[in-house]
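First comes the structure, then the notes that go with it.
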Amino acid sequence: MRRRAARYGLTAGLAAACLVAGQVAAATPGPASTAPLTTAERLPLGPSSLTEERTSRQVAPGVTHVAIERGQSSPDDFWTVTIGVATTEAEASELEQRIRAAGYEPRRDPTAGASPLGPDDRPLGWMIRAGKHAGQQAAQATANDLAAKGVRGSVQFTGEDGHPTTGPWSVDVLVVDPRRFRGRLGSELATQIVPGRETTSSIAQRTGALAAVNGGYFVISSGESGKPGPGLAGTDGDLAGISVVRGDLVSEAVNGRPALVVPTDSGAGTAVRRLETRLSVRAANGGLREVTGVNRKPGLIVNCGGAGDAYPLAQPAHDYTCGNDNEVIAFTPVFGPQVPQGEGYQVTLDPRGAVVAAKDGRGGAMPARGTVLQGTGAGARWLREHARPGAHLTLRRSVIDAERGVPVPVQPQTSIVNGGPLLLRDGAVALDPVRDGWSPQDIDGADRGAFYNGWYLRRNPRTAAGVARDGRIILLTVDGRRPAHSVGLSISEVAQVMRSLGAVDAINLDGGGSTAMVVGGALQGTPSDSTGERPDGDAIVVLP
């Protein structure tokens, strides 16, 4: 209880009074409230006999924070050096041969799940490893020695592999009840413009939030350079999926992927939906052109799932940047003072849609009002033909429920946060890694099997959001990558935890070093990055 007691400023006596085995003790004085959904049952993590301690406090009417500590380190877990992930016997033998040549005995540890591509009766593959150490420092010494002999690997803790363990787990849950909450629940863009990032703590302080959690996926980039391939390229801070902030479409969807839709200030009606964006520009003479993106660098489709001539694939692919050489991208004032530079054609529209400037080449100032359209390839040719100065263009933007095929109303109070994979639908686990972009199938030579194992099957810090049957919104963060403190969750464990907390529909949000929850101005938990809390692209804020 030391970490929770220090966080809440509890006296030693009150800290000692907190209950275990799923019960809740009030962490701050205040009026009794309806028991939050999070007290319904113990977390489905590890053996049922594990100790679980919960501490609850009312943040505001209709807003409850619950901190959960469960389990303890397992004597069966240890530190090791992973040289690679093999999905075939040939790959495993080659890696083992390299380890033996360096003077070490290799070990095969099976992955914690099968490939979603099948067959499902055996693991995805093996983690090929060397060494078995009680401490991280000793494992790092082994890794350094292997590297000196030409065999590079990464130091990992086996308790994070996804196999059964006893923890520990450090969990924070925020429950917002729209029936009692009188503030505003919604998304907030980091730095208030697309470029740049900001910590969840800073966003919470800037907005005066009662509480906040990190939001969707985003680009981490050192500059405007980049090309299609593994990783996310483009503008630093650009949301890697749909984003709507106060009714303003900031970023287009990774088509078909799930998102959290918050239609009202109170959070009433919040839902998890698979979404598409449909964007177009029409000239006065009837010419019509698809707009393939919003507020991003042309040619770089982060997480794929784009429209038009996207390559090498059109479906979602997480942490991969697809390309498109024939785009029209719309920029709005939320992008910031300067639009990206490069080859192509660019036109500037006033708020009524009239073309007030047109030029070869892209870049320059973004007007405080109006829209900038940038075209490349066939998109540039369309703009040259239809968007001469004085012409009038009509932009159309719509958000579509991809499963129902109907528009999603976007009002001034609407917020939408990107995420994935879908965790729960109608109370049942609904994991579909291939559909949502986590397929282990290699893309243009990029090893997606190792990516799938490390991201999806192994345990990491996680953030998730869900909706209960009675409309309450459940926001979850779980610390990870700090084995003595918290081992994190696999994606299947996130789904099970959200269901145990009362969610019927749920979505995974950005995690890893991005995971952060702030309550009452204080950062909850411990960030996994060695540098501390990571600046993110957006956040979900609970405002008074």
Residue count, the range 308-337 (criterion: of a type outside the set (D, E, K, R) and open to solvent by less than 20 Å² (accessible area, probe 1.4 Å)): 15
Residue selected from the range 368-379 under the condition of a type in the set (Gly, Ala, Ser) and farther than 9 Å from Glu327 by Cβ, by the criterion surrounded by the fewest Cβ atoms within 10 Å (Cβ to Cβ): Ala368
Any hit, the range 263-274, residues being of a type in the set (Gly, Ala, Ser), open to solvent by less than 30 Å² (accessible area, probe 1.4 Å), under 27 Å from Ile474 (Cβ atoms) and out of contact with any Gly (no Cβ under 9 Å at 6 or more places or on another chain): yes
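Identify, from the list Gly234, Gly226, Gly186, the residue that is within 29 Å of Ala450 (Cα to Cα) and either touching a Phe, Trp or Tyr at 6+ places or on another chain (Cβ under 8 Å) or open to solvent by less than 30 Å² (accessible area, probe 1.4 Å) (or both). Spell out the reasoning first.
Details: Gly226 fails: either touching a Phe, Trp or Tyr at 6+ places or on another chain (Cβ under 8 Å) or open to solvent by less than 30 Å² (accessible area, probe 1.4 Å) (or both); Gly186 fails: within 29 Å of Ala450 (Cα to Cα).
Only one candidate qualifies: Gly234.
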Test: residue in the range 388-403 that is in a helix (DSSP H, G or I) and either in contact with a Gly (Cβ under 6 Å, 6 or more places away or on another chain) or farther than 26 Å from Asp510 by Cβ (or both): no
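One line per residue, one yes/no per condition, for (1) in a loop (DSSP other than H, G, I, E, B); (2) aromatic (Phe, Trp, Tyr); (3) open to solvent by less than 10 Å² (accessible area, probe 1.4 Å):
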| position | (1), (2), (3) |
| --- | --- |
| Gln140 | no, no, no |
| Gln156 | no, no, no |
| Phe181 | yes, yes, yes |
| Thr191 | no, no, no |
| Ile203 | no, no, yes |
| Val213 | no, no, yes |
Contacts under 9 angstrom Cβ, first residue in the range 388-409 being at positive phi, partner open to solvent by 40 Å² or more (accessible area, probe 1.4 Å), 6 or more apart: Gly390/Val356
Pairs where the first residue, in the range 268-288, is more than 23 Å from Ser251 (Cβ to Cβ) and the second is open to solvent by 50 Å² or more (accessible area, probe 1.4 Å), C-beta under 6 Å, 6+ apart: Ala284/His392
Unique residue being surrounded by fewer than 24 Cβ atoms within 10 Å (Cβ to Cβ) and either within 30 Å of Tyr311 (Cα to Cα) or not charged (D, E, K, R) (or both) when the list is Arg448, Arg458: Arg448
Sole residue being under 28 Å from Ser439 (Cβ atoms), not acidic (Asp, Glu) and not in a loop (DSSP other than H, G, I, E, B), chosen from Ala307, Ala330, Ala314, Ala259: Ala259
Selection from the range 279-297 of residues that are over 30 Å from Ser221 (Cα atoms), open to solvent by less than 20 Å² (accessible area, probe 1.4 Å) and of a type in the set (A, V, I, L, M): Ala283
Failed item, numbered, when Asp265 is tested on (1) touching an Asp or Glu at 6+ places or on another chain (Cβ under 9 Å); (2) part of a loop (DSSP other than H, G, I, E, B); (3) charged (D, E, K, R): (1)
Single residue of the range 158-179 satisfying the filter (small (Gly, Ala, Ser) and not in a helix (DSSP H, G or I)) that is most open to solvent (accessible area, probe 1.4 Å): Gly162
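Just for the range 62-100: of the residues that are touching a residue at least 24 places away in the same chain (Cβ under 8 Å) and among the small types (Gly, Ala, Ser), which one is nearest to Arg435 (Cα to Cα)? Break it down stepwise before answering.
In the first step, residues of the range 62-100 are kept if they are touching a residue at least 24 places away in the same chain (Cβ under 8 Å); the result is 62-74, 76-88, 91-92, 95-96, 98-99.
Pick out the ones that are also among the small types (Gly, Ala, Ser) and you get 62, 67, 71, 73-74, 84, 86, 92.
Values: Gly62: 35, Ala67: 33, Gly71: 34, Ser73: 35, Ser74: 35, Gly84: 26, Ala86: 23, Ala92: 28 Å.
Among residues in the range 62-100 that are touching a residue at least 24 places away in the same chain (Cβ under 8 Å) and among the small types (Gly, Ala, Ser), the one nearest to Arg435 (Cα to Cα) is Ala86.
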Residues (open to solvent by 60 Å² or more (accessible area, probe 1.4 Å) and either under 26 Å from the mean Cα position of the chain (by Cα) or more than 29 Å from Gly521 (Cβ to Cβ) (or both)) located in the range 48-65: Ser48, Ser49, Thr51
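Only one of Ile99, Ile128 is part of a strand (DSSP E or B), crowded, with 21+ Cβ neighbours inside 10 Å and not charged (D, E, K, R); which?
Only one candidate passes the filter, namely Ile128.
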Given (1) open to solvent by less than 30 Å² (accessible area, probe 1.4 Å); (2) not in a strand (DSSP E or B), index of the condition Pro340 fails: (2)
Breaking point among (1) of a type in the set (A, V, I, L, M, F, W, C); (2) touching a Phe, Trp or Tyr at 6+ places or on another chain (Cβ under 7 Å); (3) over 22 Å from Gln192 (Cβ atoms), for Met366: (3)
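Pick out, from the range 445-544, the strands (runs of 3 or more DSSP E) lying fully within it that include 2 or more residues that are touching a Leu at 6+ places or on another chain (Cβ under 9 Å) and touching a residue at least 24 places away in the same chain (Cβ under 8 Å).
In the range 445-544, the matching strands (runs of 3 or more DSSP E) lie at 462-468, 473-478, 503-509, 517-519, 538-543.
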Residue among Ala330, Ala378, Ala365, Ala357 that alone is among the aliphatic types (A, V, I, L, M), out of contact with any helix residue (DSSP H, G or I) (no Cβ under 8 Å at 6 or more places or on another chain) and within 19 Å of Ser251 (Cβ to Cβ): Ala330
Scope the range 471-499; condition open to solvent by 10 Å² or more (accessible area, probe 1.4 Å) and of a type in the set (S, T, N, Q); matching residues: Ser492, Gln496
Candidates Val254, Val250, Val244 - the one that is under 29 Å from Gly323 (Cβ atoms), in a loop (DSSP other than H, G, I, E, B) and either at pLDDT 95 or above or open to solvent by less than 10 Å² (accessible area, probe 1.4 Å) (or both): Val254
Among the residues listed as Trp438, Trp382, the single one being in a helix (DSSP H, G or I) and modelled with pLDDT of 95 or more: Trp382
Number of positions in the range 79-96 that are surrounded by fewer than 19 Cβ atoms within 10 Å (Cβ to Cβ), of a type outside the set (Asp, Glu) and part of a helix (DSSP H, G or I): 2
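The values are calculated or read from the model by the stated rules, or taken from the named source; none is laboratory data. In this text, all values refer to a predicted model and were calculated from it rather than measured experimentally. Cβ atoms come from the backbone with ideal geometry, glycine included; neighbour counts cover every protein chain shown. Protein only, heavy atoms only, side chains kept; ligands, DNA and RNA dropped before computing areas. Shrake-Rupley method; radii C 1.70, N 1.55, O 1.52, S 1.80 Å.
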